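Student: One structure, pasted below without further comment.
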Amino acid sequence: MALPVSVLVVEDEPAILELVAVNLEHAGFAPWRTASAEEAAQRLRQSLPDVALVDWMLPGQSGLALARRLRSDARTRELPIIFLTARSGENDKVAALEAGADDYLTKPFSPRELVARIRAVLRRRAPQLGEQPLEIAGLRLDPGAHEVSGNRQRLELSPTEFRLLHFLMTHPNRVYSRARLLDEVWGNDAVVEERTVDVHVRRLRQALAPSGHDALIETVRGSGYLLRTGTPS
């Protein structure tokens, strides 16, 4: 089964932090509770979440400064960010969006709206987390059923190879380094080495070989890997 979507929650008021986290858990997400920008930054050094919910008013560094910091770092530049704050003025919203926020939700908030906005941002910024089937050159991946087929032939993939293929199919024709793939597929697990990516790419190619789709995954020497949208040879 696919891992639940992880949500970094940065909120210094314990009651609100717990309210948000509980509602996220009920919606099937995995919340990461943090109470300050510094605590959030420490958690981000360990692994990357799928989306971040950030309060504006935080002790020490503000949520606005944290958003700018995340956008200036290549590792977190594409992390979806949603502001969750009591500041409702137009200038505040503009400042948050200019700092790199993808969305802005004011307190008090509806838990249903919060969940809907998270899913909407993920559809825009992280399509690999969606449930819609994908198909490229006869290679079909169904996230909901957790199935892969090549030219209607069922292909057997391990959970890791499935996640790797899912990411590559949602970002075709783009080269990704081993370090970036570790972040996106393994969650930047510090125990995993970059050579592990090579092993799983090799296994993925072996799994796709029966239908000839192993040729879609290319090695770019010195850079990483990509998945081509052309027909396999």
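Student: Got a number for residues in segment 49-107 being of a type outside the set (Asp, Glu), under 20 Å from the mean Cα position of the chain (by Cα) and in a loop (DSSP other than H, G, I, E, B)?
Tutor: Going through segment 49-107 one residue at a time, the tally reaches 10.
Student: Right, another one. Only one residue in Val51, Val5 is of a type in the set (Val, Ile, Thr) and either free of Cβ contacts under 8 Å to residues at least 12 places away in the same chain or surrounded by 20 or more Cβ atoms within 10 Å (Cβ to Cβ) (or both), so which one is that?
Tutor: Exactly one residue qualifies, and that residue is Val51.
Student: Another question, if that's okay. Got at least one residue in segment 105-116 being surrounded by 14 or more Cβ atoms within 10 Å (Cβ to Cβ), among the β-branched types (Val, Ile, Thr), at pLDDT 85 or above and closer than 30 Å to Gly212 by Cβ?
Tutor: no
Student: Which one of these is in contact with a Phe, Trp or Tyr (Cβ under 6 Å, 6 or more places away or on another chain) and without any contact (Cβ under 8 Å) to a residue 60 or more places away in the chain: Arg33, Arg71, Arg87?
Tutor: Arg87
Student: Conditions: (1) surrounded by 14 or more Cβ atoms within 10 Å (Cβ to Cβ); (2) under 22 Å from Ile16 (Cβ atoms). Ile136 meets all but one. Number of the miss?
Tutor: Answer for Ile136: the failing condition is (2).
Student: I've got another one for you. Does Glu11 satisfy the condition of being under 21 Å from Arg117 (Cα atoms) and free of Cβ contacts under 8 Å to residues at least 24 places away in the same chain?
Tutor: Criteria not met by Glu11.
The values are calculated or read from the model by the stated rules, or taken from the named source; none is laboratory data. Quantities reported herein were computed from a predicted structural model and do not represent experimental measurements. Glycine gets a Cβ as well: all are built from the backbone with ideal geometry, and neighbour counts include every protein chain shown.
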